[in-house]
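So the structure is just underneath, and the comments pick up after that.
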Amino acid sequence: MSYYESVFIARPDITAAQVESLTESLKQIIVENGGAPANDEYWGLKSLAYKIKKNRKGHYTMIKLEAPPAAIKELERNMRLNEDILRFLTIKVDSLEEEPSVMIRNKGPREDRVPQDNQSAEPDNNAYSKEYTGDTSSEENFSNTGVDE
């Protein structure tokens, strides 16, 4: 069996409890078709980048699972038929991460967030701090290119 991560966006007018029951029914479909859901994460009600079916917000949920391709096909068929699900995306991954996703780790206030390894906490202001010095050496080199004026 392969590992998958499936994210779906539910309509904003349903409650978080209804989203949880929807997630449980989708996990039940996976179990019935020979798969095993590892865990699920409710990311909350978030604004969409653009309107989807006249909605500006949606409940985001991710399910990490191990299942055969037939179970994924049945899961996606049921997501397509369900009117409460606006969009979904299922991807195949090499392994399932045990730690929480980036969406869950960044859920707290900005001050509490830990910067990633390759990013410093303070921005690099030197990239745009060069001032015009009035140096004309580049103009001299440009004028000696051999192009007649």
Checklist entry - closer than 15 Å to Met1 by Cβ and either in contact with a Pro (Cβ under 6 Å, 6 or more places away or on another chain) or not charged (D, E, K, R) (or both), is that true of Ile30? => result yes
Checklist entry - So which residues in the stretch 17-50 are of a type in the set (A, V, I, L, M) and surrounded by 12 or more Cβ atoms within 10 Å (Cβ to Cβ)? => result Val19, Leu22, Leu26, Ile29, Ile30, Val31, Ala36, Ala38, Leu45, Leu48
Checklist outcome for this item: The strands (runs of 3 or more DSSP E) lying entirely within the stretch 1-104 that contain at least 1 residues which are basic (Lys, Arg) and free of Cβ contacts under 8 Å to residues at least 12 places away in the same chain are 36-52
Item to check | Matching residues in the stretch 34-60 - criterion: being touching a Gly at 6+ places or on another chain (Cβ under 9 Å) and under 17 Å from Leu89 (Cβ atoms) | outcome: Lys46, Leu48, Ile52, His59, Tyr60
Checklist entry - With respect to the numbered conditions (1) within 23 Å of Ile104 (Cβ to Cβ); (2) exposed (fewer than 14 other Cβ atoms within 10 Å of the Cβ); (3) charged (D, E, K, R), which one is the sole condition not fulfilled by Lys53? => result (1)
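Only the coordinates and a few stated rules stand behind these numbers; no lab work does. The model shown is predicted, which means the values in this text are computed figures rather than measured ones. All Cβ positions, even for glycine, are placed from backbone atoms using ideal geometry, and neighbour counts span all protein chains on display.
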